[in-house]
1. Residue 66 is checked against (1) within 21 Å of the chain's Cα centre (by Cα); (2) modelled with pLDDT under 70; (3) not in a helix (DSSP H, G or I) and fails just one. What number does that condition carry?
2. If I filter the stretch 1-50 down to residues being within 30 Å of residue 88 (Cα to Cα) and of a type in the set (Val, Ile, Thr), which single residue comes out as modelled with the lowest pLDDT?
3. Which condition does residue 5 not pass, out of (1) in a helix (DSSP H, G or I); (2) farther than 30 Å from residue 98 by Cβ; (3) of a type in the set (Phe, Trp, Tyr), if it passes all the others?
4. Looking for something closer than 30 Å to residue 86 by Cα and hydroxyl-bearing (Ser, Thr, Tyr) - is there at least one such residue anywhere in the stretch 14-25?
Amino acid sequence: MNRTYSLRRRLIVWISIPILTATLFAVVASYFFTRHEIEEVYDAQLVHSAKVLLQLTQHEILEDEDFDLGLENKDLQHRYERNLGFRIWVGRELITQSSNTLDLGVF
């Protein structure tokens with residue numbers, strides 16, 4: 001049996017494969033780049049929150065040796081907030097921490 005070759009079919013196959021490969025590569029690369037940038041923004045937000053917390057409490061920490069922020073209001077918590085906590089250190093001394101970090105111990 002004689003096979004007839006179509007120039008149109010060959011061009012579509014030979015052009016489609018590199019285009020699909022490049023598109024797949026671009027999608028994968030953009031996924032990893034976007035994921036990295038989201039993590040960077042999240043880390044920057046946590047650093048900013050820690051700096052604000054330190055600025056708000058630094059005066060009280062330096063004045064009072066038995067500094068305590070008191071109990072947190074559980075009614076005001078966001079559902080993801082239980083995954084976040086904070087600790088305030090001065091040098092190597094732990095000054096205070098949130099209640100959800102108590103079970104982690106002091107490093």
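The values are calculated or read from the model by the stated rules, or taken from the named source; none is laboratory data. What you see is a predicted model; the values in this text were computed from it and never measured. Cβ: placed from backbone, ideal geometry, glycine included. Neighbour counts: every protein chain shown.
1. All conditions are met except number (1).
2. The extreme case among them is 47.
3. Result: residue 5 passes all but (1).
4. Within the stretch 14-25, not a single residue is closer than 30 Å to residue 86 by Cα and hydroxyl-bearing (Ser, Thr, Tyr).
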